[in-house]
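Colleague: After the structure tokens below, expect a handful of questions from me.
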């Protein structure tokens, strides 16, 4: 091998292990899934022995009330947690953006909920929500109130609260980082002009933070569609279908009902939804970047 | 810089926030030292006799002494802990090596297909584990197999035992490969932002001295991106250590990881709270240690992953 070809091959050599791994364990399986979604596929069968059924799995799902229910539960869950976490997280970041002692200790304590296994988070909350043994109802009862049926009729709200507990710190920390990297000159200029704290937040801080916030919200939204273990441990999708998100339904369809073809089609629906969200994220991030650059220039010139 | 004085309400807010974020974890910690009678009975729950009995029950299969309170050791936690360690450590190591090489190629070289690779990496980041469940289950059980009649398959059967074809499902490698693949997009993404910051002049100086591309990479670039590697390692380990869904689909009796054990013991009607919380605490220990000692790296990783997203 000459030095010349070695140079041209170098990037491919560096890339090969990653490309091969992701090819075998991500891209090939995804292709396999698309193929399987057009077949009447049972886990005991080899896929080559299955019958081609065309769009049957997709059409059946489209008219399946249980799947529609789980799709709407997923959408309600994902959008509610993102909106709540953004409001609380950004609000707290604006409050905490001060020069205080021990801010790093604080941040350390806030990361804790995100680092712990979702399975364990589910376990903790299932205990706290327990109708008789749980912390919440025990506290309510000792204060003289009646107990709340947390994981019964309020199950969806309860899993939403658990997710807000776990992931608001993520927004808080990213928003704090964004706040602390804002151009000092712009804030200084506003202060000299006599802008109140509210005015600074509305007209300087929030607009300049916007691109980071939008990307953060969309990242969080995509992640909210991946949530599974917390809900599985807390409610197993119940009672009824009230907390059965699509991810849980996929896993039940595949393992309990043993309909791999239907589960594959379901996965594809979810994937298409996430693909749209991802593309939207790229598009919005690009627009926001341009807008912020213009805004920053304006603020700079005026200052 | 001097610290500003804040009003008391501000500190009250801080205290409430800290209590809210740490409280549930502390609650689990305290409960893991209680007998079930105390967990169910006590109203306040602060006065009780601490016991390590729950931990003994959880770890019964690797304890060197006999337990009086237990007739039969049903929870094979020790074995699961070892599986979890093997899988998380090996997959983290592999992901880092493979990931930083790929990130270097994407940052430092202009080559045919670069944009395609870069875009694909970005897009597969959004794929949820639940979507991979069906195809990976099918492939690992039926397609990624070595026939028992072939030379390699026969040799594996002779050494490890068993009857049918040798398949990826049920092995540590089967779980490791999917974790590596799942974590690669994120690792490649955040390491890119660290490699960009390495001054090119350093690499060129080394090249002038006669170092090949791999030498430049391992001797010059890698030591300089250590903070990035630490952040990537923590995130990868966290996913591999905590993941449940794919592990439960791909493992068999002998390769179960800790999260599977916890879920299996939760779904029973009568939950043994003390033991399950001790198990949960044991699973939570490594992430808690990372959080306490490497929070700076974690925050770096989080911001690098999101801001550049």
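FYI, it's all coordinate maths here, none of it is from the lab. Here the structure is a predicted model, which means the values were calculated and not measured.
Colleague: Rounded to the nearest 500, what is the 222 nm mean residue ellipticity of chain A from helices alone, with -39500 (n - 2.57) per DSSP H run of 4+ residues and division by all residues?
Modeller: -23500 deg cm²/dmol
Colleague: Also, quick follow-up: What does the convex hull of the Cα atoms of the protein assembly as shown come to per residue, in Å³, rounded to a whole number?
Modeller: 209
Colleague: Taking the Cα centroid of the range A:191-257 and of the range A:14-78, what is the distance between the two, rounded to the nearest whole Å?
Modeller: About 24 Å separates the Cα centre of the range A:191-257 from the one of the range A:14-78.
Colleague: Want the number for residue A:181 to residue A:143: 0.36 nm per residue separation, take away the alpha-carbon distance, what's left?
Modeller: 9.1 nm
Colleague: When the chain is fully extended, how far beyond the present Cα-Cα distance does residue A:258 get from residue A:132, taking 0.36 nm per residue of separation?
Modeller: The residue A:258-residue A:132 span can extend by a further 41.8 nm.
Colleague: Which of the three applies to the range A:244-303, rounded, prolate or oblate, going by the alpha-carbon gyration tensor with a ≥ b ≥ c and a/c under 1.5 meaning rounded?
Modeller: Prolate.
Colleague: How high is the relative contact order of chain B, in percent, counting Cα pairs under 8 Å that sit 6 or more residues apart?
Modeller: 27
Colleague: Can you tell me how chain A classifies by the Cα gyration tensor, rounded, prolate or oblate, using a/c under 1.5 as the rounded cut?
Modeller: Oblate, since a/c reaches 1.5 and b/c is not below a/b.
Colleague: Can you give me the relative contact order of the range B:48-146 as a percent, contacts being Cα pairs under 8 Å and 6 or more apart?
Modeller: With pairs under 8 Å counted, the relative contact order is 15 percent.
Colleague: Below 8 Å, C-alpha to C-alpha, sequence gap of six or more: please give me the relative contact order for chain A in percent.
Modeller: 29
Colleague: Going by Cα centres, the range B:94-144 and the range B:202-276 are how many Å apart?
Modeller: Each part's Cα centre sits 15 Å from the other's.
Colleague: Another question, if that's okay. Assuming a ≥ b ≥ c are the square roots of the Cα gyration tensor eigenvalues, decide whether the range A:118-160 counts as rounded (a/c under 1.5), prolate (otherwise, with a/b larger than b/c) or oblate.
Modeller: oblate
Colleague: Let me ask you something else. Kindly provide the Kirkwood hydrodynamic radius of chain B in Å, to one decimal, from all pairs of distinct alpha carbon atoms.
Modeller: Answer for chain B: a Kirkwood hydrodynamic radius of 23.0 Å.
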